[in-house]
1. Given the conditions (1) hydrophobic (A, V, I, L, M, F, W, C); (2) surrounded by 14 or more Cβ atoms within 10 Å (Cβ to Cβ); (3) free of Cβ contacts under 8 Å to residues at least 12 places away in the same chain, report the number of the one that Leu123 does not fulfil.
2. Which one is farthest from Glu116 (Cα to Cα) among residues in region 226-240 that are free of Cβ contacts under 8 Å to residues at least 24 places away in the same chain and surrounded by 12 or more Cβ atoms within 10 Å (Cβ to Cβ)?
3. Given the criterion out of contact with any Asp or Glu (no Cβ under 8 Å at 6 or more places or on another chain), at pLDDT 90 or above and outside the structural domain of Val15 (by TED's automatic domain parsing), identify the matching residue among Leu140, Leu104, Leu123.
4. Does Tyr143 count as surrounded by 14 or more Cβ atoms within 10 Å (Cβ to Cβ) and part of a helix (DSSP H, G or I)?
5. Quick one: would you say Glu197 is exposed (fewer than 11 other Cβ atoms within 10 Å of the Cβ), of a type outside the set (Ser, Thr, Tyr) and out of contact with any helix residue (DSSP H, G or I) (no Cβ under 7 Å at 6 or more places or on another chain)?
6. With the condition kept exactly as written, say whether any residue in region 157-167 is assigned by TED's automatic domain parsing to the domain that holds Ser241, at pLDDT 95 or above and touching a helix residue (DSSP H, G or I) at 6+ places or on another chain (Cβ under 6 Å).
7. Would you pick out the residues in region 224-265 that are among the hydroxyl-bearing types (Ser, Thr, Tyr) and assigned to a loop (DSSP other than H, G, I, E, B)?
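The values are calculated or read from the model by the stated rules, or taken from the named source; none is laboratory data. Here the structure is a predicted model, which is why all the values come from computation and not from measurement. Backbone-built Cβ (ideal geometry, glycine too); neighbour counts: all protein chains shown.
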Amino acid sequence: MVFLTDLHQQFLRFVQLEKRYSHNTVESYRNDLDQWESYLQTTYQINQIGGIQSFMVRSWFAAMRGEGVSARSIHRKRSALQGSVKFAMQQGWLKKSYLEGVVLPKVEKRLPSYVEKEPLEFLIKKAEFEEGWNGISKRLFIYMLYATGMRVSELVLLKLQNVDLHYCLIRVLGKGNKERMIPLASELMKEVKDFLESREQINSSNEFFFVKESGEPFTRQYAYSFVKHYLTFVTTVKKKSPHVLRHSFATHMLNNGAELNAVKELLGHSSLAATQVYTHNSIEQLKKVFQQAHPKA
């Protein structure tokens, strides 16, 4: 009989080393599976996969809903469970999935939050950042998030060698170690060149593109903190995370006539469905224009 702890450890090792999932995804799965393991042990005194039944999963989901856990979070936890169950079946440790017949709570469709073009233009070109290198690097970081649509983790991990000044391109290593090319607009290209010249004055032999004045590379937590701080000055959107700038990039591209497949490639999405969510923002924009301009609106 296989213990749940052993299954989860081997599954997490598999998705990290074989599937090449990101560190954040692996850690999210780890937390979800730890919670599931704890619930089974506390509620049903079960620690082996052979004793798990579907009603136990349903009761866990119901308990979480009662505690106010969002439907979206429960869907994510089910993904972790589903992955571990599939892995157990492939290994021959489980004959039948205990997720069969388990109904998930309905998730409300949310449009991606984004910031309008004018506030972002103000933030990038006119807002006051702190003096010195840290201010320079923070401003360009925000500019590049919006101008390229990169994920914050991708930009934090961007290396100097991946910025091609000759061809005005950035080579990005995205999810699943998939590489994509993102062009640098001429205005941003000039900023990047100025930035690299200034960077030479920083005593850092670090290979990463963005470093602090101390020479240490940016971290996701550091970037999240200052991006949220500066977005506070120009927008009232509820979630002021770096990802809002990626949403803004995609929404503004589509609003200005960009082809959906091109935006998909720039964002590094594996399927068109992931990109299509941004078309809803474009439709809302069209509705707004119609209501303002049409006499019969």
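1. Going through the list (1) hydrophobic (A, V, I, L, M, F, W, C); (2) surrounded by 14 or more Cβ atoms within 10 Å (Cβ to Cβ); (3) free of Cβ contacts under 8 Å to residues at least 12 places away in the same chain, Leu123 breaks only (3).
2. Among residues in region 226-240 that are free of Cβ contacts under 8 Å to residues at least 24 places away in the same chain and surrounded by 12 or more Cβ atoms within 10 Å (Cβ to Cβ), the one farthest from Glu116 (Cα to Cα) is Lys228.
3. Every option except Leu123 fails the conditions.
4. Yes: the conditions hold for Tyr143.
5. yes
6. no
7. First, the residues of region 224-265 that are among the hydroxyl-bearing types (Ser, Thr, Tyr): 224-225, 230, 232, 235-236, 241, 248, 251.
Residues satisfying the conditions are Thr232, Thr235, Thr236, Ser241.
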